[in-house]
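Only one structure is covered here, and it is reproduced in the block below.
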Amino acid sequence: MLDLHCHILPGIDDGSKNSEMSSILLKEELKQGVKAIVFTPHYNVHRISLEEFLRRRENSFNKLMQLPEAKDSGMKFKLGAEVYFSTKLNEMELDDLCFTDTNYILVEFPTDEKPYGMTHTLVDMINRGYQPILAHVERYPYFTADPTKLYDLVEKGCIVQVNGGSVIEGNKIVMKYIKWGMAQLICSDCHNPENRAPNLRDAYTIIKKKFGEEYVDWFDKNARDVFQGRYVDLPQPKMPKKVMGMWF
């Protein structure tokens, strides 16, 4: 398994607070069966310069790589970021925010209301050669209220990620996204060992029970293609339909 969204780098965001916590999280990733990780600390263009963020990320990664769990685990690592949405992204070169040696970039949205310029900005990113991955889409009420808005973004070329914790909790909209073919990646988004720990094995176990082993293989293949910078060949998603106030 591969974890493409996590907050294990020490002391850089609201995830791991120090090397000791990073060590615990890496051990749990190994226990879960994870073989490759993309580290995705939060980045917000309105709060920190790109240069300062990259400096902090490099320092944090170097600190992490001093841990035996990182040096001797045999896991493969890449750097990325969880980029908070802004129309300013269209004014920036985004290569350093993409997963290492790929054009994949993880984008997070506000959880209160749909941001102005979302579709235009994402389409512009795609036209510039970047591949947006939409982070934990189950958190955004404007997609839950009208899943066709998310469908439109998938149709335009965005990849959708959901959190393992939401799968484990049986989040209904996540299960519908998977059923509709509108969720293509499952990641842990782990932050700490207490209530947001690595959980991919447990999430995949549930996916296997509910949808079959072929879905597990499909999610795993998508993650491998993203990690290696390959094109993700996605099936046509199903358009959500609203009947009697319910989405099917």
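Some points to look at:
- Check: the range 11-144 dipole with +1 on Lys, Arg Cβ and -1 on Asp, Glu Cβ, in debye: 320 debye
- Cross-link pairs exceeding 20 Å between alpha carbons, from the set K149/K179; K78/K176; K176/K241; K27/K63; K149/K238; K149/K176: K78/K176.
- Estimated Rh, the range 205-248: Kirkwood, alpha-carbon pairs, angstrom: 12.6 Å
- A 1.4 Å probe run over the chain, with the rest of the protein chains in place, finds 46 Å² accessible per residue.
- Once Rg and the Kirkwood radius are both taken over the C-alpha atoms of the range 43-135, their ratio Rg/Rh works out to 1.02.
- Which of P41, G164, V226, positive extreme of dipole for the chain (C-beta unit charges): G164
- Point-charge dipole on Cβ atoms (K/R +1, D/E -1) for the chain, about Cα centre, debye to 20: 640 debye
- Computed FRET value (nearest 0.05) for K242 with I48, which takes r as the C-beta separation and R₀ as 35 Å: 0.30
- The range 197-238 and the range 60-90 have Cα centres spaced 21 Å apart.
- Two-site label geometry, K114 and S86: point separation in nm, points 7 Å out along Cα→Cβ: 2.3 nm
- As a ratio to 2.2 N^0.38 Å, the alpha-carbon radius of gyration for the chain is 0.97.
- Percent accessible area from carbon and sulfur atoms, the chain, protein chains only, probe 1.4 Å: 49 percent
- DSSP finds beta bridges in the chain, and of those with both partners inside it, around 10 percent are antiparallel.
- Residue-normalised convex hull volume from the C-alpha trace of the range 106-215: 109 Å³ per residue.
- Compactness ratio for the range 2-70: Cα radius of gyration over 2.2 N^0.38 Å (N = residue count) comes to 1.10.
The values are calculated or read from the model by the stated rules, or taken from the named source; none is laboratory data. Values in this document were obtained by computation on a predicted structure and should not be read as measured data. All Cβ positions, glycine included, derive from the backbone under ideal geometry; neighbour counts span all protein chains shown. The accessibility values were calculated without ligands, DNA or RNA, using every heavy atom of the protein model including side chains. Shrake-Rupley method; radii C 1.70, N 1.55, O 1.52, S 1.80 Å.
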